[in-house]
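Chemist: Below: one structure in structure tokens.
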Amino acid sequence: MSKFLSLEGIEKRFPIPGKEDYVAVTDVNLEIKENEIISIIGHSGCGKSTLLNMISGLDAQTSGAIILENRHIQGPGPERAVVFQNHSLLPWLSVYQNIEMAVKKVMPQLGAHELRQRVEQYVSMVNLDHAKDKLPGEISGGMKQRVGIARALSITPKVLLMDEPFGALDSLTRANLQEHLMRIQQKVQNTVVIITHDIDEAVLLSDRVIMMTNGPQATIGEILEVNLPRPRNRVELQQNPEYIRCREAILSFLYEKFAKDDE
Amino acid sequence: MNRELVKKIFLPLVVLVFVLQVWSGIASIVNEFPTPSDTYVAAFGGVTSEGDELTGVLSDPFYENNQDDKGIFWQVLESLKRVFAGFVLAIIVGVPLGLFVGMSKNAQYALNPFIQIFKPVSPLAWLPLLLFIFQDINMTAIATIFITSIWPIIINTALGVKSVSEDYMNVAKVLRFTPMEKVIQIILPVSVPFIFTGMRLSLGIAWLVIVAAEMLTGGIGIGFWIWDAYNNLNYYHIIIGIIVVGLIGYLLDLMMGKIADYFDYTKRGRA
Ligand SMILES: Nc1ncnc2c1ncn2[C@@H]1O[C@H](COP(=O)(O)OP(=O)(O)O)[C@@H](O)[C@H]1O
Ligand SMILES: [Mg+2]
């Protein structure tokens with residue numbers, strides 16, 4: 001079987017006027033399997049967003065290749081949907097319209113009835129039927145992020161990219177959204193790359209955790225396999241030896257091997 | 001009634017009494033200056049302090065004696081027609097230009113100096129040139145309004161485009177919007193409140209300009225009506241004219257404000 005998504009020798013330099021380029025990430029090699037959920041963890045500023053932006057195509061790598069199903073990635077596209085940290089809903093469109101806009105554009109062949117069905121299906125998926133006619137300004141941060149997820153999934157992307165999707169939320173809302181994501185993921189089964197700086201989140205959600213070294217010239221330090229069956233229950237996991245092993249592995253990576261003392 | 005409302009009505013009345021006092025004071029000092037009561041009679045009809053019986057200009061605004069002698073309604077209507085013609089032209093040209101300046105750095109570099117130079121030019125400076133070009137009162141008035149009221153529309157539209165956040169554009173990029181879709185689905189909705197702010201400023205300017213323009217061009221219109229009153233030593237009409245111009249300007253602004261709010265998604269409750 002050929003590879004699904006692979007990053008080969010990725011490097012990203014940011015030119016700095018009058019100085020040498022800032023090498024944000026270098027020599028990143030990674031293969032992501034279909035339907036795999038991976039998270040990328042690392043200290044802030046290590047280049048996680050930079051890496052994700054290259055996969056999404058919103059930013060171009062300086063060298064190396066990103067290949068999705070044998071195709072080189074060039075520029076953004078709907079097969080790599082992004083959930084942005086600040087939700088990025090269009091504030092003049094209702095919850096329903098925000099999702100509809102995406103579906104309409106990506107699936108122009110849908111008739112009015114199918115379109116409505118599809119949009120409503122995804123509104124329901126994130127349990128927002130009661131809020132579907134509200135504007136983003138009228139719903140909570142957690143609900144907005146759920147709309148963001150629904151919008152991203154509604155166009156059936158091959159890969160779902162999430163940049164600290166729950167970073168701006170309080171811990172209870174965050175837990176709630178993680179549950180939503182896991183439940184939905186069981187249903188739709190697609191490949192997810194999620195950036196986080198939360199260790200529990202990484203272990204709870206992922207099949208593998210990619211740990212990044214600090215920048216400049218950040219790269220992949222270690223890759224951790226999380227061998228926990230799904231569905232996962234956050235309460236039960238607290239006692240699970242595998243969960244504890246994974247947590248400790250990440251803790252040790254972040255705070256012993258690649259501690260950052262200027263934070 | 002709540003206190004706030006009482007204050008809103010009562011306090012302006014206090015100022016009105018004060019203004020009328022000052023006005024009466026001036027009338028008693030300056031020879032032939034109209035008193036408030038005689039001005040009232042000139043406006044709404046009645047008997048003046050000198051015993052003349054008058055029909056007020058405001059109590060009979062619709063009369064038409066001949067081409068040059070028409071009621072104040074027709075004067076105002078004529079002015080409004082010119083204002084709207086110039087204003088609509090300014091929108092038609094200004095909004096696309098503003099979008100262009102906002103979206104393209106090069107367009108901004110190319111046009112900004114001209115916008116900045118022409119923006120502060122007084123309508124009175126344009127008037128002779130435009131009169132010379134068009135040789136026609138109506139065209140000149142409309143062109144003057146166009147050229148003086150287009151700037152806020154361009155500037156505010158461009159500002160609106162600039163305020164489109166990178167995040168929205170990223171959404172558009174991921175969905176592979178065409179440039180046209182970007183304009184219609186993202187840039188315009190974000191810019192609309194800005195465009196309306198520009199239009200509101202622009203309409204204000206247009207109404208300022210029309211009075212001045214008509215004074216110089218003559219013919220029919222509220223501006224010329226005031227000037228005509230001066231030439232006929234009818235000082236009552238000057239004051240009535242000022243108040244009418246002010247009231248209509250205020251109404252135009254209220255109207256634009258309401259329309260602007262309607263199109264502003266940040267002020268709309270629920271869609
Ligand atoms: N456009 C840019 N120009 C210059 N430096 C940048 C740019 N974007 C990011 N960087 C730098 O690259 C590094 C990685 O940034 P980022 O990927 O945002 O980190 P993370 O998401 O892991 O917190 C940071 O040091 C940041 O300052
Ligand atoms: Mg980041």
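Chemist: Taking the criterion of being under 26 Å from residue B:34 (Cα atoms) and outside the structural domain of residue B:32 (by TED's automatic domain parsing), would at least one residue in region B:187-207 satisfy it?
Modeler: Taking every residue of region B:187-207 in turn, at least one turns out to be under 26 Å from residue B:34 (Cα atoms) and outside the structural domain of residue B:32 (by TED's automatic domain parsing).
Chemist: Determine which single condition residue A:202 fails, assuming it passes every other condition in (1) part of a helix (DSSP H, G or I); (2) out of contact with any Cys (no Cβ under 9 Å at 6 or more places or on another chain); (3) under 25 Å from residue A:151 (Cα atoms); (4) within 16 Å of ligand 2 (Cβ to nearest atom).
Modeler: Exception for residue A:202: condition (2).
Chemist: Any idea which of (1) in the same structural domain as residue A:124 (by TED's automatic domain parsing); (2) within 16 Å of ligand 2 (Cβ to nearest atom) is the one residue A:24 doesn't satisfy?
Modeler: Residue A:24 satisfies all of (1) in the same structural domain as residue A:124 (by TED's automatic domain parsing); (2) within 16 Å of ligand 2 (Cβ to nearest atom) except (1).
Chemist: With (1) exposed (fewer than 12 other Cβ atoms within 10 Å of the Cβ); (2) assigned to a helix (DSSP H, G or I) as the list, and residue B:39 as the residue in question, which single condition is left unmet?
Modeler: For residue B:39, the exception is condition (1).
Chemist: Considering A:97, A:74, which residue is part of a helix (DSSP H, G or I), more than 28 Å from residue A:254 (Cβ to Cβ) and away from ligand 1 (no atom under 16 Å from the Cβ)?
Modeler: None of the others qualify; the one that does is A:97.
Chemist: Quick one: residue A:83 ticks every box in (1) within 16 Å of ligand 2 (Cβ to nearest atom); (2) within 20 Å of residue B:187 (Cα to Cα) bar one, so which box is it?
Modeler: The number of the failed condition is (2).
Chemist: Given B:122, B:104, which one is within 23 Å of residue B:222 (Cα to Cα) and assigned by TED's automatic domain parsing to the domain that holds residue B:219? If you could, list the steps in order and put the result at the bottom.
Modeler: Working: B:104 fails: within 23 Å of residue B:222 (Cα to Cα).
None of the other options fit; the residue is B:122.
Chemist: Return the residue satisfying two criteria in turn: it lies in region A:50-81 and is among the hydroxyl-bearing types (Ser, Thr, Tyr) and over 14 Å from residue B:170 (Cα atoms), and of such residues it is nearest to the other protein chains (Cβ to nearest Cβ).
Modeler: Checked region A:50-81; the qualifying residue nearest to the other protein chains (Cβ to nearest Cβ) is A:50.
Chemist: Separate question: Can you name every residue in region A:126-167 that is more than 16 Å from ligand 2 (Cβ to nearest atom), touching an Asp or Glu at 6+ places or on another chain (Cβ under 9 Å) and outside any strand (DSSP E or B)?
Modeler: A:129, A:131, A:132, A:141, A:142, A:154, A:155, A:156, A:157, A:158
Chemist: Related question: Report, by residue number, each residue of region B:179-203 that is surrounded by fewer than 17 Cβ atoms within 10 Å (Cβ to Cβ) and over 19 Å from residue A:89 (Cα atoms).
Modeler: Those that are surrounded by fewer than 17 Cβ atoms within 10 Å (Cβ to Cβ) and over 19 Å from residue A:89 (Cα atoms): B:179, B:180.
Quick grid of which residues meet (1) in contact with a Leu (Cβ under 7 Å, 6 or more places away or on another chain); (2) without any contact (Cβ under 8 Å) to a residue 12 or more places away in the chain; (3) not in a helix (DSSP H, G or I):
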position: B:31; (1), (2), (3): no, yes, yes
position: B:34; (1), (2), (3): no, no, yes
position: B:49; (1), (2), (3): no, no, yes
position: B:75; (1), (2), (3): no, no, no
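Here's the yes/no breakdown for (1) of a type in the set (Phe, Trp, Tyr); (2) more than 21 Å from residue B:145 (Cα to Cα):
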| residue | (1), (2) |
| --- | --- |
| B:72 | no, yes |
| B:80 | no, no |
| B:88 | no, no |
| B:110 | no, yes |
| B:116 | no, no |
| B:119 | no, no |
| B:122 | no, no |
| B:126 | yes, no |
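Chemist: Something else: Does residue A:120 satisfy the criteria of being under 19 Å from residue A:194 (Cβ atoms), more than 14 Å from ligand 1 (Cβ to nearest atom) and of a type in the set (Asp, Glu)? Before the answer, list the steps.
Modeler: Details: under 19 Å from residue A:194 (Cβ atoms): no; more than 14 Å from ligand 1 (Cβ to nearest atom): yes; of a type in the set (Asp, Glu): yes.
Judged against the criteria, residue A:120 is not a match.
Chemist: For residue A:154, only one of the following conditions fails: (1) within 12 Å of chain B (Cβ to nearest Cβ); (2) among the hydroxyl-bearing types (Ser, Thr, Tyr); (3) within 16 Å of ligand 1 (Cβ to nearest atom). What is its number?
Modeler: All conditions pass for residue A:154, except number (3).
One line per residue, one yes/no per condition, for (1) over 30 Å from residue B:73 (Cα atoms); (2) modelled with pLDDT under 90:
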| site | (1), (2) |
| --- | --- |
| B:157 | yes, no |
| B:178 | yes, no |
| B:183 | yes, no |
| B:203 | no, no |
| B:207 | no, no |
| B:243 | no, no |
| B:256 | no, no |
| B:261 | no, yes |
| B:265 | yes, yes |
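Chemist: Let me ask something else. Anything in region A:83-96 that is facing chain B (nearest Cβ under 7 Å) and either under 19 Å from residue A:6 (Cβ atoms) or without any contact (Cβ under 8 Å) to a residue 60 or more places away in the chain (or both)? List them, or say none.
Modeler: Result: A:90, A:91, A:92, A:94.
Chemist: While we're here: Could you tell me which residue of region A:1-37 is nearest to the chain's Cα centre (by Cα), considering only residues that are farther than 30 Å from residue A:156 by Cβ and among the basic types (Lys, Arg)?
Modeler: A:13
For every residue, the table says whether it meets (1) more than 14 Å from chain A (Cβ to nearest Cβ); (2) in contact with a Cys (Cβ under 8 Å, 6 or more places away or on another chain); (3) at pLDDT below 95.
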| site | (1), (2), (3) |
| --- | --- |
| B:189 | no, no, yes |
| B:193 | no, no, yes |
| B:212 | yes, no, yes |
| B:215 | yes, no, yes |
| B:224 | yes, no, yes |
| B:228 | yes, no, yes |
| B:231 | yes, no, yes |
| B:237 | yes, no, yes |
| B:247 | yes, no, no |
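Chemist: When you look at residue A:194, is it surrounded by 20 or more Cβ atoms within 10 Å (Cβ to Cβ), in contact with a Gly (Cβ under 9 Å, 6 or more places away or on another chain), touching a residue at least 24 places away in the same chain (Cβ under 8 Å) and not assigned by TED's automatic domain parsing to the domain that holds residue A:132, yes or no?
Modeler: Against the criterion (surrounded by 20 or more Cβ atoms within 10 Å (Cβ to Cβ), in contact with a Gly (Cβ under 9 Å, 6 or more places away or on another chain), touching a residue at least 24 places away in the same chain (Cβ under 8 Å) and not assigned by TED's automatic domain parsing to the domain that holds residue A:132), residue A:194 does not qualify.
The values are calculated or read from the model by the stated rules, or taken from the named source; none is laboratory data. Worth saying up front: this structure is predicted, and the values here are computed from it rather than measured. Here Cβ is always computed from backbone atoms with ideal geometry, including for glycine, and neighbour counts include all displayed protein chains.
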